[in-house]
Amino acid sequence: METLAQGAAFRLAAEPWTCTALEAWGDAPLPQPVALAILAAKEGIDEDELALGFLQASVANLVSAAVRLVPLGQMAGLRVQAELASTIQAVAQASRGLPLTACGGACFAADIASMRHETQYTRLFRS
């Protein structure tokens, strides 16, 4: 549900730039990475640049959540992002040319915590 909601939000945010890039999909819900890939392909965005941008945006979102959740502070969050720049680049380069079957992860504890978070009465973030 989260990635479909993010895909819908991405489509709305990208609408001024997309013209017809996502129109072929009609109103079908698209996961955020799929919507991003469709737009990038239509706009001719380089795969390496797209991977780097996607990873940077993902890290920025996580750091933003940490800034709000723990007493981290905005400047500390920016330092964390700056310190992760070389790691983000390395991950983007390491992912180059990998088959789709190599993508994925296993974060059982985080997944279970996310499932519990989704049903809590009061939540800090939307799951």
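Bear in mind these aren't lab numbers, they're just calculated from the coordinates by the rules spelled out. The structure presented is a predicted model; accordingly, all values stated were derived computationally and were not measured. Counting neighbours? That spans all protein chains shown, and the Cβs are built from the backbone with ideal geometry, glycine included.
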inquiry  = Quick check on the stretch 2-118: what are the equivalent-ellipsoid semi-axes from the Cα gyration tensor, as sqrt(5λ), descending, whole Å?
reply    = 26, 19, 17
key: Most positive-pole-ward Cα, Pro71, Ala82, Pro33, against dipole of the chain from beta carbon charges   = Pro71
task = Return the calculated 222 nm mean residue ellipticity for the chain, to the nearest 500 deg cm²/dmol, obtained by summing -39500 (n - 2.57) across DSSP H runs with n ≥ 4 and dividing by the residue count.
result = -21000 deg cm²/dmol
ask   = Tally Lys and Arg at +1 and Asp and Glu at -1 over the other residues with C-beta under 13 Å from the C-beta of Ala40: what net charge comes out?
value = -4
